[in-house]
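Chemist: Quick one: structure below, then a few questions.
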Amino acid sequence: MRADDRPPLNITEEGRSRLDSWGLKPEQLPRHVAIIMDGNGRWAQNRGFPRVVGHRRGIQSVRAMVEEGVRIGLEQLTLYCLSVENWKRPARELRFLMRLLRHFLVAERAELMDQNVRLQVIGRRDGLPPEVLAEMDRTVAETAGNTGMILRLAVNYGGRTEILDAARRIAEEARDGRLNPATLDEATFASYLETAGAADPDLLIRTAGEMRISNFLLWQVSYTELWVTPTLWPDFRGGDLLQACVDYAARTRKFGGLPTSSLAAGTSAG
Ligand code: IPE
Ligand code: IPE
Ligand code: MG
């Protein structure tokens with residue numbers, strides 16, 4: 001089930017007993033979970049609140065995911081916070097999201113250090129307020145030496161933008177004679193993406209029921225298992241993540257080939 005043979009991260013005592021109670025073995029877990037955190041607006045509107053109340057509430061779910069991820073030994077957790085398309089939203093909502101992000105980066109710094117979490121950010125810096133960039137850079141720098149889970153925030157991120165930026169850099173290097181187009185392969189191309197060096201997501205979760213990718217990690221999710229829940233993001237908790245992991249553990253990943261058991265059967269038959 002694992003995409004490679006790297007040793008898993010440490011699972012806490014509490015994480016181990018949680019996995020037991022969910023009938024999960026550590027080796028059945030996804031190593032990299034990506035989440036499209038959707039439904040904040042609906043959560044608030046269902047309660048007669050302005051949409052931004054849902055965004056604020058969604059921070060609790062982020063915190064819960066980081067805690068659960070660390071507990072069960074996830075290697076990477078990638079969260080879609082803001083897409084390049086989200087700039088179409090009203091300026092007031094965007095200002096609120098920026099304030100919230102800045103607040104999160106400051107308020108969670110000690111907690112991330114405590115949990116040995118390394119923060120990374122992907123997405124375009126252009127268009128983000130300088131005060132957000134400053135706190136982002138500071139948290140990334142302070143947590144850079146941590147060795148536990150990678151928490152990767154996708155902020156002002158777009159899958160097509162990322163691929164386009166990579167293609168542009170590759171074209172420039174080819175033009176300058178620093179890269180031979182004939183030898184360009186998938187691994188080299190991936191090394192020009194913002195996720196360079198990171199394993200692709202094993203599991204992509206989307207909350208709030210929408211069956212679409214919305215321009216998230218287009219290159220990276222080619223063989224990722226998808227899991228969609230009607231639960232709105234502000235209601236999503238550790239137990240929901242574990243339910244997704246239980247369903248993931250029951251999947252057979254084939255990457256275009258045949259399951260290992262069929263391969264063995266094929267060999268013995270013939
Ligand atoms: C997801 O919740 C958060 C962001 C996209 C920033 P939404 O704000 O998209 O919530 P809905 O989809 O309108 O309910
Ligand atoms: C995707 O949610 C973006 C984030 C979660 C940051 P959206 O709410 O923007 O996606 P669509 O518009 O429903 O596809
Ligand atoms: Mg939405």
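Chemist: Over 30 Å from ASP114 (Cβ atoms) and open to solvent by less than 60 Å² (accessible area, probe 1.4 Å): is that true of GLY177 in this structure?
Modeler: Here the answer is no, as GLY177 does not meet what is asked.
Chemist: Are any of the residues in the stretch 190-197 farther than 25 Å from GLN28 by Cβ, assigned to a helix (DSSP H, G or I), of a type outside the set (D, E, K, R) and more than 16 Å from ligand 3 (Cβ to nearest atom)?
Modeler: yes
Chemist: Does the stretch 245-262 include one or more residues that are within 15 Å of ILE35 (Cα to Cα), open to solvent by less than 60 Å² (accessible area, probe 1.4 Å) and in contact (Cβ under 8 Å) with a residue 40 or more places away in the chain? Outline the logic, then answer.
Modeler: Here is the first cut: in the stretch 245-262, the ones within 15 Å of ILE35 (Cα to Cα) are 245, 248.
In the following step, the residues that additionally are open to solvent by less than 60 Å² (accessible area, probe 1.4 Å) were identified as 245, 248.
If we keep only those that are in contact (Cβ under 8 Å) with a residue 40 or more places away in the chain as well, we get 245, 248.
So far as the stretch 245-262 goes, yes, one or more of its residues are within 15 Å of ILE35 (Cα to Cα), open to solvent by less than 60 Å² (accessible area, probe 1.4 Å) and in contact (Cβ under 8 Å) with a residue 40 or more places away in the chain.
Chemist: Among the residues of the stretch 192-200, is any under 21 Å from LEU153 (Cα atoms), touching a strand residue (DSSP E or B) at 6+ places or on another chain (Cβ under 6 Å), open to solvent by less than 30 Å² (accessible area, probe 1.4 Å) and not hydrophobic (A, V, I, L, M, F, W, C)?
Modeler: no
Chemist: Could I ask something else about it? Select, from GLN76, GLN60, the only residue that is under 25 Å from LEU217 (Cβ atoms) and surrounded by fewer than 18 Cβ atoms within 10 Å (Cβ to Cβ).
Modeler: On the way: GLN76 fails: surrounded by fewer than 18 Cβ atoms within 10 Å (Cβ to Cβ).
Only one candidate passes the filter, namely GLN60.
Chemist: Another one. Take the residues in the stretch 214-241 that are open to solvent by less than 50 Å² (accessible area, probe 1.4 Å) and either free of Cβ contacts under 8 Å to residues at least 12 places away in the same chain or not in a loop (DSSP other than H, G, I, E, B) (or both); name whichever of them is farthest from ALA64 (Cα to Cα).
Modeler: For the stretch 214-241, the residue satisfying everything is GLU225.
Chemist: State which residue pairs qualify: first residue on the phi < 0 side of the Ramachandran plot and inside the stretch 166-187, second residue open to solvent by 80 Å² or more (accessible area, probe 1.4 Å) and of a type in the set (A, V, I, L, M) in any location, beta carbons under 9 Å apart, and separation of 6 or more residues or different chains.
Modeler: That search, which allows pairs on different chains as well, returns nothing.
Chemist: Here's a follow-up. What do you reckon, is GLY123 surrounded by 18 or more Cβ atoms within 10 Å (Cβ to Cβ), within 16 Å of ligand 3 (Cβ to nearest atom) and among the small types (Gly, Ala, Ser)?
Modeler: It is false that GLY123 is surrounded by 18 or more Cβ atoms within 10 Å (Cβ to Cβ), within 16 Å of ligand 3 (Cβ to nearest atom) and among the small types (Gly, Ala, Ser).
Chemist: Could I ask something else about it? Which residues, taken from the stretch 132-146, are over 13 Å from LEU100 (Cβ atoms) and out of contact with any strand residue (DSSP E or B) (no Cβ under 7 Å at 6 or more places or on another chain)?
Modeler: LEU133, ALA134, ASP137, ARG138, ALA141, GLU142, GLY145 - these are the residues of the stretch 132-146 that are over 13 Å from LEU100 (Cβ atoms) and out of contact with any strand residue (DSSP E or B) (no Cβ under 7 Å at 6 or more places or on another chain).
Chemist: HIS32: away from ligand 1 (no atom under 16 Å from the Cβ) and either on the phi > 0 side of the Ramachandran plot or surrounded by 18 or more Cβ atoms within 10 Å (Cβ to Cβ) (or both), yes or no?
Modeler: Here the answer is yes, as HIS32 does meet what is asked.
Chemist: Of all residues in the stretch 205-253, how many are touching a Pro at 6+ places or on another chain (Cβ under 9 Å) and of a type in the set (Phe, Trp, Tyr)?
Modeler: 1
Chemist: Where residues in the stretch 130-151 are assigned to a loop (DSSP other than H, G, I, E, B) and within 18 Å of GLU67 (Cα to Cα), which of them is nearest to the chain's Cα centre (by Cα)?
Modeler: Residues of the stretch 130-151 that are assigned to a loop (DSSP other than H, G, I, E, B), as a first pass: 144-149.
Filter once more, keeping what is within 18 Å of GLU67 (Cα to Cα): 146-149.
Numbers: ASN146: 18, THR147: 18, GLY148: 15, MET149: 12 Å.
Among those that are assigned to a loop (DSSP other than H, G, I, E, B) and within 18 Å of GLU67 (Cα to Cα), it is MET149.
Chemist: Something else about it: Out of the residues in the stretch 35-67 meeting the condition of being under 17 Å from the mean Cα position of the chain (by Cα) and free of Cβ contacts under 8 Å to residues at least 60 places away in the same chain, tell me which one is farthest from ligand 2 (Cβ to nearest atom).
Modeler: Within the stretch 35-67, the match that is farthest from ligand 2 (Cβ to nearest atom) is ARG63.
Chemist: List the pairs whose first member sits in the stretch 189-205 and is of a type outside the set (A, V, I, L, M, F, W, C), whose second member is at pLDDT below 95, and whose Cβ atoms are under 7 Å apart, counting only residues at least 6 apart or on separate chains?
Modeler: Correct list of pairs: ASP202/ALA3.
Chemist: Here's something else I'd like to know. Could you please tell me which pairs satisfy a Cβ distance under 8 Å, a separation of 6+ or placement on different chains, a first residue in the stretch 125-147 that is at positive phi, and a second residue that is open to solvent by less than 70 Å² (accessible area, probe 1.4 Å)?
Modeler: What qualifies is GLY127/ASN156.
The values are calculated or read from the model by the stated rules, or taken from the named source; none is laboratory data. For clarity, every value in this text was computed on a predicted model and none was experimentally measured. All Cβ positions, glycine included, derive from the backbone under ideal geometry; neighbour counts span all protein chains shown. Just the protein is used for accessible areas: all its heavy atoms, side chains included, with ligands, DNA and RNA removed. Shrake-Rupley method; radii C 1.70, N 1.55, O 1.52, S 1.80 Å.
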